[in-house]
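Please read through the structure below; I'll follow up with questions.
The values are calculated or read from the model by the stated rules, or taken from the named source; none is laboratory data. The structure presented is a predicted model; accordingly, all values stated were derived computationally and were not measured. Neighbour counts run over all protein chains shown; Cβ positions are idealised from the backbone, glycine included. Just the protein is used for accessible areas: all its heavy atoms, side chains included, with ligands, DNA and RNA removed. Shrake-Rupley method; radii C 1.70, N 1.55, O 1.52, S 1.80 Å.
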Amino acid sequence: PATAASLTVPITTFTATDNVGVTGYLATETAQAPLAGAAGWTAQAPANYTFATAGAKTLYAWAKDAAGNVSASLSAAVTITLSDATAPTVTAFVIPATSSSLVVPVTTFTATDNVAVTGYLLTETAPSPSPGAAGWTATAPANYSFTTAGAKTLYAWAKDAAGNVSTSLNAAVTITLTDTTAPTVTAFVIPATSSSLTVPVTTFTATDNVAITGYQLTETAVAPAAGAAGWTATAPANHVFASEGAKTLYAWAKDAAGHVSASLSAAVTITLSALPAPTVVSPASGSVGVSLSPVLQIATVFPDPLGQAHKATDWQISRDGTFAAGTILFSSLNDAANLASITIPPGLLQASTLYTWRARTINSANQASPYSAGSTFTTMALAMDATGTVPAALTVRSGGVQVTNLSTLTPAQLAAAGNLSSQLVSGPNSVPVVNAGAGANPALPGMVIAKANGGAGSDVVGVVTPAGAVIQSVTTTNVADIAFKTTPPPWVNLPYGVISFRVGGIAPGTSVAVTVYTPTDLPAGAMWYKYTPARGWLKIDATGTYDSSNTLLSLNTYFTVVGGRGVLTIGDNDVADFSSEVVAGQAVVADPGAPAVLPDTPQGSDDSKGCFIATAAFGSSLEPHVLVLREFRDTFLMTNAAGRSLVDLYYRVSPEIAKRVAASESARMWVRLLLLPVIALSILSLKAGVTASLALTAVLVFVFWGLLWRRFGRRRVW
């Protein structure tokens with residue numbers, strides 16, 4: 001037949017003739033003629049053929065006679081599609097209870113399936129592996145290699161051709177290594193001279209009676225402890241010294257028992273060639289009328305005198321030209337994204353102010369040039385509002401008059417001022433009086449209102465700081481501004497553009513909570529997206545600051561939504577703070593960022609889909625409880641057809657429910673309470689497996705109903 005739903009395919013017709021007589025029949029999967037004496041020939045034409053796997057197959061039919069003559073073949077094609085929904089069963093799994101070696105033999109590992117077992121796997125964790133995971137073997141493994149000694153549990157799995165994975169059987173072993181011999185470093189070679197601080201390791205080999213588990217290089221002859229930092233699983237390819245000169249490097253090895261070898265040492269003399277400082281191109285020293293978001297540009301020559309490539313550039317702007325720690329208001333160090341020029345984002349520089357900037361380059365050997373000579377420029381004059389904190393083009397006006405006190409305006413005047421948050425006037429934490437700039441009262445909370453999106457449209461945003469922190473300036477723009485070399489992720493909506501602020505009066509090294517009022521209350525899942533020249537756009541949510549690869553950069557800067565208001569808690573000199581400036585003992589923080597609203601439905605692949613209702617209830621997609629639910633989904637629901645159907649249904653109905661949950665604090669509280677049993681069951685399933693968690697749940701339900709029966713059953717109160 002052309003198609004089949006079984007690996008055993010019937011042979012509808014198989015006939016052959018011969019001038020004397022046909023004595024044998026054979027079907028093969030290859031076009032190469034079989035020998036007359038090969039295994040498999042039958043006296044009668046076979047009624048069927050069993051393939052090993054599903055897919056597109058070709059079968060070749062052969063005949064032979066008593067003289068050993070083999071016919072040419074006829075062939076036919078069949079496509080086999082298996083409909084197999086039954087997972088295999090691991091029927092037995094045994095390993096020794098104790099072992100003196102990290103390699104533990106597998107005494108017994110058998111499995112059965114309704115069609116055929118196609119894969120075997122051993123893991124040290126209980127979560128079910130995917131059928132595409134690395135490590136599956138066609139036959140049951142004869143042993144398993146652990147990396148360390150101690151009490152271990154091994155889990156045995158099987159899979160079939162349809163991708164069904166069995167539940168596991170597990171067995172325990174206690175590994176005790178009897179190793180009393182330290183490793184030996186057999187060879188260690190580095191160059192005798194180097195023109196770079198990074199010195200390559202030409203040879204580093206070691207032996208041990210069991211196995212080498214760690215390698216380390218030190219600049220001292222004192223043997224490192226087996227638990228010290230710096231050990232690597234493989235021999236290092238190089239070593240980076242901190243300075244030039246005559247150096248000695250010591251090579252060590254260790255084993256799993258914690259024995260550390262004696263060392264071999266080698267000497268190198270490092271002589272660095274002088275790297276030229278870059279040349280300032282623009283702004284030229286003494287420039288005036290420079291943009292508040294200028295482009296700093298240098299001229300460099302690479303490859304440099306050492307033949308190295310340009311790896312990164314350090315950029316700095318100082319308030320007074322000394323470049324002391326407290327005067328540096330902008331620093332983009334080890335910046336691999338802006339090698340020859342950098343655009344300073346909005347909100348950092350002030351109008352009519354003298355600044356000094358400099359730069360140095362770093363080559364591919366991690367060597368830094370001297371800094372360029374300090375180059376000065378004066379920023380352009382800019383008409384400011386009455387408070388001296390907002391450009392005139394961004395000031396909020398009503399009836400042609402600048403708004404400085406919202407509490408004095410009538411409803412009609414407030415409406416004329418633009419779309420602004422009602423909480424600025426009558427909310428629980430409203431601060432209706434503008435309080436910022438040189439004349440600010442630091443005993444009161446600071447506040448500035450400004451037109452959003454660089455003055456385009458009628459939206460108005462408010463920036464509020466706690467008493468003691470003084471708002472020095474606020475500007476707004478949008479992501480199309482040339483200062484932003486990259487754009488936020490396409491699924492992120494910045495409805496009110498970018499808000500750039502400078503806040504002073506902060507104790508160095510501490511944090512300040514900046515509250516941002518938007519015309520419409522922010523949803524619970526809103527985040528803050530912050531631009532940095534070196535890293536592009538950073539995501540800031542309730543758990544911290546993350547880069548574009550979702551790597552946590554800092555816990556000190558985070559963003560929460562409180563009653564519809566965005567609260568950005570930003571740490572001085574943190575990864576999200578541009579300014580290193582300290583004026584009269586008080587620090588300054590600077591931030592070009594924006595409140596970001598994620599769409600109701602996720603973008604991209606299924607992997608990007610979040611738990612909408614849980615996210616709305618807990619306030620962040622990275623909140624630990626939400627992460628548990630997502631892990632349960634990926635581990636147990638997305639690995640089978642029924643689970644995937646349930647997840648698809650959830651994604652169709654949950655966004656609208658999530659909206660309503662996010663809009664009500666009481667609803668969020670109740671949903672959190674209702675989700676706690678589900679989260680507990682998910683944690684138990686991830687730790688012990690679904691079967692164990694359901695069994696425990698059944699026991700608890702049985703005990704609960706038993707208690708009810710004892711209490712009320714005889715009274716027939718149901």
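Taking region 596-644, which residues are over 18 Å from ILE683 (Cα atoms), open to solvent by 70 Å² or more (accessible area, probe 1.4 Å) and at pLDDT 65 or above?
If the condition is that a residue be over 18 Å from ILE683 (Cα atoms), open to solvent by 70 Å² or more (accessible area, probe 1.4 Å) and at pLDDT 65 or above, then ALA642, ARG644 are the ones that fit.
So, one more: How many of the residues making up region 55-84 are part of a strand (DSSP E or B), of a type outside the set (A, V, I, L, M) and at negative phi?
Total satisfying the criteria: 8.
I'd like to verify a number: residues in region 202-217 that are surrounded by fewer than 19 Cβ atoms within 10 Å (Cβ to Cβ) and in a strand (DSSP E or B), how many?
Result for region 202-217: 3.
Hey, among the residues in region 233-247 that are assigned to a loop (DSSP other than H, G, I, E, B) and of a type in the set (A, V, I, L, M, F, W, C), which one's least open to solvent (accessible area, probe 1.4 Å)?
PHE241
Let me ask something else. I'd like the full set of residues that are touching a residue at least 60 places away in the same chain (Cβ under 8 Å) and not hydrophobic (A, V, I, L, M, F, W, C), limited to region 452-488.
GLY454, GLY455, ASP459, GLN472, SER473, THR475, THR476, THR477, ASP481, LYS485, PRO488
Related question: When residues of region 548-572 are filtered for being farther than 20 Å from VAL464 by Cα and open to solvent by 20 Å² or more (accessible area, probe 1.4 Å), how many remain?
Counting residues in region 548-572 that are farther than 20 Å from VAL464 by Cα and open to solvent by 20 Å² or more (accessible area, probe 1.4 Å) gives 7.
Which numbered condition in (1) of a type in the set (Gly, Ala, Ser); (2) within 30 Å of PRO345 (Cβ to Cβ); (3) open to solvent by less than 30 Å² (accessible area, probe 1.4 Å) is the only one that GLY286 fails?
Every listed condition holds for GLY286 apart from (3).
Which one of these is surrounded by fewer than 17 Cβ atoms within 10 Å (Cβ to Cβ) and not hydrophobic (A, V, I, L, M, F, W, C): PRO88, PRO96? Step through it out loud before you land on a result.
Details: PRO88 fails: surrounded by fewer than 17 Cβ atoms within 10 Å (Cβ to Cβ).
Going through PRO88, PRO96 in turn, the sole match is PRO96.
When region 131-150 is examined, which residues are found to be outside any loop (DSSP other than H, G, I, E, B) and surrounded by 15 or more Cβ atoms within 10 Å (Cβ to Cβ)?
TYR144
For the structure I just gave you, tell me whether THR545 is part of a strand (DSSP E or B), buried (at least 18 other Cβ atoms within 10 Å of the Cβ) and in contact (Cβ under 8 Å) with a residue 40 or more places away in the chain.
The answer is no for THR545.
If you go through region 243-255 one residue at a time, do you hit one that is polar (S, T, N, Q) and farther than 26 Å from ASN338 by Cβ?
yes
Report yes if some residue within region 514-531 is among the hydroxyl-bearing types (Ser, Thr, Tyr) and surrounded by fewer than 18 Cβ atoms within 10 Å (Cβ to Cβ); otherwise report no.
Yes, some residue in region 514-531 is among the hydroxyl-bearing types (Ser, Thr, Tyr) and surrounded by fewer than 18 Cβ atoms within 10 Å (Cβ to Cβ).
Within region 301-318, how many residues are open to solvent by 30 Å² or more (accessible area, probe 1.4 Å), within 21 Å of ARG535 (Cβ to Cβ) and in contact with a Leu (Cβ under 7 Å, 6 or more places away or on another chain)?
1
Any residue at all in region 411-431 that's open to solvent by 40 Å² or more (accessible area, probe 1.4 Å), at pLDDT 90 or above and not in a helix (DSSP H, G or I)?
yes
Right, next: If I filter region 153-181 down to residues being small (Gly, Ala, Ser) and open to solvent by 40 Å² or more (accessible area, probe 1.4 Å), which single residue comes out as nearest to ALA211 (Cα to Cα)?
The qualifying residue nearest to ALA211 (Cα to Cα) is ALA172.
Continuing with the same structure: What residue, among those in region 250-283 that are surrounded by 15 or more Cβ atoms within 10 Å (Cβ to Cβ), modelled with pLDDT under 95 and part of a loop (DSSP other than H, G, I, E, B), is nearest to the chain's Cα centre (by Cα)?
ALA256
Let me ask something else about it. Take the residues of region 548-561 that are in a strand (DSSP E or B), of a type outside the set (Gly, Ala, Ser) and in contact (Cβ under 8 Å) with a residue 12 or more places away in the chain: which is nearest to LEU538 (Cα to Cα)?
The extreme case among them is LEU553.
Sort out which residues of region 40-85 are of a type in the set (Ser, Thr, Tyr), under 57 Å from the mean Cα position of the chain (by Cα) and surrounded by fewer than 17 Cβ atoms within 10 Å (Cβ to Cβ), and write them in order of number.
Across region 40-85, the qualifying residues are THR50, THR53, THR58, SER75, THR79, THR81, SER83.
While we're here: List the residue pairs whose Cβ atoms are under 6 Å apart, where the first residue sits in region 271-284 and is free of Cβ contacts under 8 Å to residues at least 60 places away in the same chain and within 15 Å of SER196 (Cα to Cα), the second is among the β-branched types (Val, Ile, Thr) and open to solvent by 40 Å² or more (accessible area, probe 1.4 Å), and the two are 6 or more positions apart or on different chains.
Sorted first by the residue in region 271-284, then by its partner, the list stays empty.
Under 7 Å between Cβ atoms, at least 6 apart or on separate chains: pull out the pairs that start in region 248-262 with a residue that is without any contact (Cβ under 8 Å) to a residue 40 or more places away in the chain and end on any residue that is buried (at least 20 other Cβ atoms within 10 Å of the Cβ) and of a type in the set (S, T, N, Q).
TYR250/SER263
Pull out all pairs, ordered by first then second residue, where Cβ-Cβ is under 6 Å, the residues are six or more apart or on different chains, the first lies in region 59-85 and is among the hydroxyl-bearing types (Ser, Thr, Tyr), and the second is in a strand (DSSP E or B) and open to solvent by 70 Å² or more (accessible area, probe 1.4 Å).
Once the first residue is among the hydroxyl-bearing types (Ser, Thr, Tyr) and sits in region 59-85, its partners that are in a strand (DSSP E or B) and open to solvent by 70 Å² or more (accessible area, probe 1.4 Å) give TYR60/SER75; THR79/THR3; THR79/ALA56.
Got a sec? Which of SER287, SER263, SER293, SER282 is within 30 Å of THR213 (Cα to Cα) and among the hydroxyl-bearing types (Ser, Thr, Tyr)?
SER263
Still on this structure, I have one more. Under the condition of being within 19 Å of ASP255 (Cβ to Cβ) and among the β-branched types (Val, Ile, Thr), which residue from region 147-173 is modelled with the lowest pLDDT?
To start, the set of residues in region 147-173 that are within 19 Å of ASP255 (Cβ to Cβ) comprises 147-150, 152.
This time we only want the ones that are among the β-branched types (Val, Ile, Thr), so: 147-148.
Working: THR147: 89, THR148: 86.
Top of the filtered list is THR148.
Can ILE471 be described as in contact with a Lys or Arg (Cβ under 8 Å, 6 or more places away or on another chain) and surrounded by 19 or more Cβ atoms within 10 Å (Cβ to Cβ)? Don't jump to the end; show me each part of the working.
Details: in contact with a Lys or Arg (Cβ under 8 Å, 6 or more places away or on another chain): yes; surrounded by 19 or more Cβ atoms within 10 Å (Cβ to Cβ): yes.
In short, yes.
Go through (1) assigned to a loop (DSSP other than H, G, I, E, B); (2) out of contact with any Gly (no Cβ under 7 Å at 6 or more places or on another chain); (3) closer than 22 Å to LEU102 by Cβ for PRO191 and report which single condition fails.
(3)
Matching residues to (1) hydrophobic (A, V, I, L, M, F, W, C); (2) at negative phi; (3) crowded, with 22+ Cβ neighbours inside 10 Å; (4) at pLDDT 90 or above:
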| site | (1), (2), (3), (4) |
| --- | --- |
| GLY446 | no, yes, yes, yes |
| ALA452 | yes, yes, yes, yes |
| SER458 | no, yes, no, yes |
| THR486 | no, yes, no, no |
| ARG502 | no, yes, yes, yes |
| SER511 | no, yes, no, yes |
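Condition check: more than 18 Å from ALA469 (Cβ to Cβ), in a strand (DSSP E or B), in contact with a strand residue (DSSP E or B) (Cβ under 9 Å, 6 or more places away or on another chain) and not charged (D, E, K, R). Does ILE540 satisfy that?
On the way: more than 18 Å from ALA469 (Cβ to Cβ): yes; in a strand (DSSP E or B): yes; in contact with a strand residue (DSSP E or B) (Cβ under 9 Å, 6 or more places away or on another chain): yes; not charged (D, E, K, R): yes.
Judged against the criteria, ILE540 is a match.
Residues to consider are ALA52, ALA87, ALA45; find the one that is touching a strand residue (DSSP E or B) at 6+ places or on another chain (Cβ under 8 Å), outside any strand (DSSP E or B), on the phi < 0 side of the Ramachandran plot and at pLDDT below 95.
ALA87
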